[in-house]
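Shown next, in structure tokens, is the structure this report addresses.
The values are calculated or read from the model by the stated rules, or taken from the named source; none is laboratory data. Quick caveat: nothing in here was measured; it's all calculated off a predicted structure. Using ideal geometry, Cβ is built from the backbone for each residue, glycine included, and neighbour counts are taken over all protein chains shown.
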Amino acid sequence: MKKTAKIKKSKRIVNFILVCAGSVSLGLGAVGIILPLLPATPFLLLTLVCYAKGSTKFERWFTSTKLYKKHLEPFVKTRAMTNANKIKALIFVTVLISVPIITVDVLPMRIFLGVIILAHYLMFIFKVKSVSKAELNRLFEEVKAREAAEDLESQAAAVPESESTAKKTAPPAAANPYTAESSAVETVAERDTYTTESSAKESGTAADADNADTATDIRASH
């Protein structure tokens, strides 16, 4: 019990730190939208990652803001950036990480930070497409249209399943008393008709037998 409580407490502390870091990054990203030299996309992306790891509530709130929809959602959906934003992001990351490389006199740390800078350059060059602003907007609209079409297809596929489920779970229809009565009347009428026909056949057979006996008697008397 104590170990579980300690794990939960440490997890809450980590989530709190992530939310705080995401909030600070959000503030820097908002400033970067106003200041042309400070890139907004890396800070907003860091905000999204921190909120996703630290708090689902903050993540839902951030993804519903106009700030996210206007400045980060196109990048998240298309994995593309304008050349200006890409250059600003690379310059900022390079300057930010170069400061500890210069100040920290530890070779393994310098190598590690240098690898981080190199990874950022490789990612922005080979993983993030460079497009114009108009092309970015066009790609974003295509992605939204494709997602809307997929949602419509999933909804259309869900309708027949719900109808079949409703048919299976629907209670059996109640018997119609009028139909039952008419069926009973038809059955009685059919039985009476059969009885009448049988009686007529028997009467005809008996009459034929009597006529045959009479003819036989007349022949015998002659």
- Can you give me the number of residues within the stretch 46-66 that are buried (at least 17 other Cβ atoms within 10 Å of the Cβ), under 25 Å from the mean Cα position of the chain (by Cα) and part of a helix (DSSP H, G or I)? 7
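Scan the stretch 4-60 for residues that are hydroxyl-bearing (Ser, Thr, Tyr), farther than 21 Å from Lys88 by Cα and touching a residue at least 12 places away in the same chain (Cβ under 8 Å) and jot them down.
Scanning the stretch 4-60 gives Ser23, Tyr51, Ser55.
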- Note on the structure: By residue number, the members of the stretch 1-46 that are modelled with pLDDT under 80 and touching a Phe, Trp or Tyr at 6+ places or on another chain (Cβ under 9 Å) are Leu37, Leu38
